[in-house]
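What follows is calculated from the coordinates using simple rules that are stated; it is not laboratory data. Given the structure is predicted, the values throughout are model-derived calculations rather than measurements. Cβ: placed from backbone, ideal geometry, glycine included. Neighbour counts: every protein chain shown.
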Amino acid sequence: MSIGGGLRAVRRFLHWGPLTAIGIIKSITLMTLYMNAMWWPADRSFLGFLHQTLFIVLSASTGFNFVMASLTGPGFLPLRWQPERSIDQQYQQYCGVCEGWKAPRSHHCRKCDRCVIKMDHHCPWINNCVGWANHGYFTAFLACAVLGCLQATIVLSASLYVGLYRDWYLYYGHYSKVTVQLGMWSLVLCVFNVGLAIGVIITVGALLAYQVRAILNNRTAIEDWILEKARYRRDRTNEVFCYPYDLGRWRNVRQVFSTSCTPAGDGIEWPVVDGCDQYTLTREQLAQKEEKRARTRTYTIRRMVTGSWVPLLSQGFKVCCSPPLTDEPRIKLSVGDVVRVTRWRKHWLFGEKVSTEREPASTEKRKRLRGWFPRQCAVELAEDDYDMSEEQQQQHHQYLEEEKSKTKDRKTTATPRPIPDNYPTRTSKLSIGCAAVPLTFPGSPVDVEKQKSIHGCFVPITIIITNSSSSSRHSTDNDDDGYV
């Protein structure tokens with residue numbers, strides 16, 4: 001291993017996840033060995049020796065598989081990767097961050113900042129992704145941790161029981177059972193590690209069950225979600241989507257575990273069931289992405305978004321207490337920013353910030369600002385409102401900067417204006433998401449851009465303006481050109 005590789009390996013463990021996991025493993029191991037030396041010493045019986053040896057093997061296996069899962073990594077696609085045949089690109093997704101195509105079953109991890117081969121999830125405990133190359137190590141780590149903590153729970157609980165009833169055994173003359181002596185710190189640490197061990201059994205055991213299911217079905221967590229959406233898309237039809245990688249349980253297990261401790265294949269090409277090909281799943285992904293783009297809605301920001309996970313002061317108690325239950329990021333946005341939203345919650349929205357003409361092209365290519373933000377900070381734009389030319393977009397952003405500087409410390413209100421005499425004699429419908437967007441009436445001599453702009457209008461409205469005849473005028477109650 002080179003010096004650079006060694007430094008990267010060290011940095012991999014200098015993270016709260018690996019440090020916490022190592023601390024838990026060592027704490028349970030040392031406390032169990034200490035209590036077992038009093039409760040069932042290895043030098044007094046052969047069974048005691050086997051018992052302690054088994055625990056040491058489980059503890060060592062847990063540590064070994066943990067380190068290997070973290071250092072081996074999931075396997076990353078090379079930057080700017082391309083398929084051997086250029087014609088296959090039509091069935092694949094392009095990654096703008098890695099500047100390459102995604103192989104089948106590969107997905108981009110925003111935390112690793114790379115495209116991961118057969119990505120399952122990003123695990124903070126190993127500070128790495130779980131994927132094609134380290135799935136076996138990760139599952140073995142979970143299994144050894146659960147079995148080791150199960151044995152530790154038995155040892156610590158039995159030692160705690162014997163230690164607490166020490167005086168009772170002495171009183172009734174059961175001197176052979178008076179083996180465990182608890183001091184104040186040993187009692188506290190024993191109770192603490194019993195709690196840790198039980199917590200590991202429950203939480204890690206649940207994750208182990210999920211990983212075993214994923215291996216038996218040859219289906220990652222991401223592919224589970226893709227398959228669920230594929231079935232939903234065909235819910236009202238007789239069409240059935242065939243998952244291409246379920247080869248049968250024994251062959252599925254051999255895809256992850258082998259005698260050489262290496263995964264099967266190269267992570268690029270995968271064996272598939274009859275009737276499917278290498279791009280069956282990727283074509284389904286492309287179709288789902290197309291539907292997702294069709295559902296996308298454009299929002300403009302009317303209140304500054306701090307990007308805080310707990311925006312109590314800026315957004316209030318209701319928004320703070322109903323966050324989306326996900327580890328996806330929160331984004332910071334300014335007034336006037338435009339966001340394309342793809343997911344909705346009652347008080348939160350998830351979307352991607354639309355880059356402006358003033359931002360560098362390299363930034364737009366490498367970084368995609370996506371995340372959750374409070375719903376009350378944005379209003380939806382009608383589709384036509386965002387169909388502006390480059391010149392109009394520049395004028396829009398320049399206007400926003402001027403208005404923010406003018407209205408920084410004051411609040412403005414709108415003044416209604418009468419309808420001009422030469423207003424068009426037809427019904428005109430406008431959908432306005434932000435008053436700062438310059439609009440004109442097609443076929444009308446009235447140029448709204450030249451009229452007085454009204455500050456502070458950030459609410460989406462639909463305006464119907466009608467004239468009964470070219471010579472008629474609306475009543476005083478309706479003398480309004482649509483501005484708020």
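General observations
- Between Leu47 and Ala221, full extension at 0.36 nm per residue minus the direct alpha carbon distance yields a gain of 58.5 nm.
- Across all directions, the shadow cast by the convex hull of region 160-255 built on its C-alpha atoms averages 11.7 square nanometres.
- Scaling the Cα radius of gyration of region 184-343 by the globular reference 2.2 N^0.38 Å produces a ratio of 1.52.
- Separation of region 43-70 from region 215-242 is 40 Å, based on Cα centroids.
- For a paramagnetic label modelled on Tyr94 (point 7 Å from Cα along Cα→Cβ), amide N atoms under 19 Å away belong, within region 289-316, to 289-294.
- Gained length - Lys177 relative to Leu150, 0.36 nm times residue gap less alpha-carbon distance: 7.4 nm
- Of Lys229/Lys318; Lys292/Lys332; Lys289/Lys332; Lys102/Lys229; Lys111/Lys289; Lys118/Lys346, pairs whose Cα-Cα distance is over 29 Å: Lys229/Lys318; Lys118/Lys346
- Ordering of 142-150, 227-235 by burial proxy (mean other Cβ atoms within 10 Å per residue, highest first): 142-150, 227-235
- Spin-label model distance (nm) - Leu54 vs Arg340, 7 Å beyond Cα toward Cβ: 5.8 nm
- Derived scalar couplings ³J(HN,Hα) [region 190-205; Karplus, 6.51 cos²θ - 1.76 cosθ + 1.60; whole Hz; x for Gly, Pro]: 5, 4, 4, 6, 4, x, 4, 5, 5, x, 5, 4, 6, 6, 5, x
- Rg(Cα)/(2.2 N^0.38 Å) for region 274-349, N = residue count: 1.51
- Multiplying the residue separation of Phe317 and Arg110 by 0.36 nm and subtracting their alpha-carbon distance yields 71.5 nm.
- According to the Cα-based calculation, Rg over Rh for region 231-281 is 1.09, with Rh computed by the Kirkwood formula.
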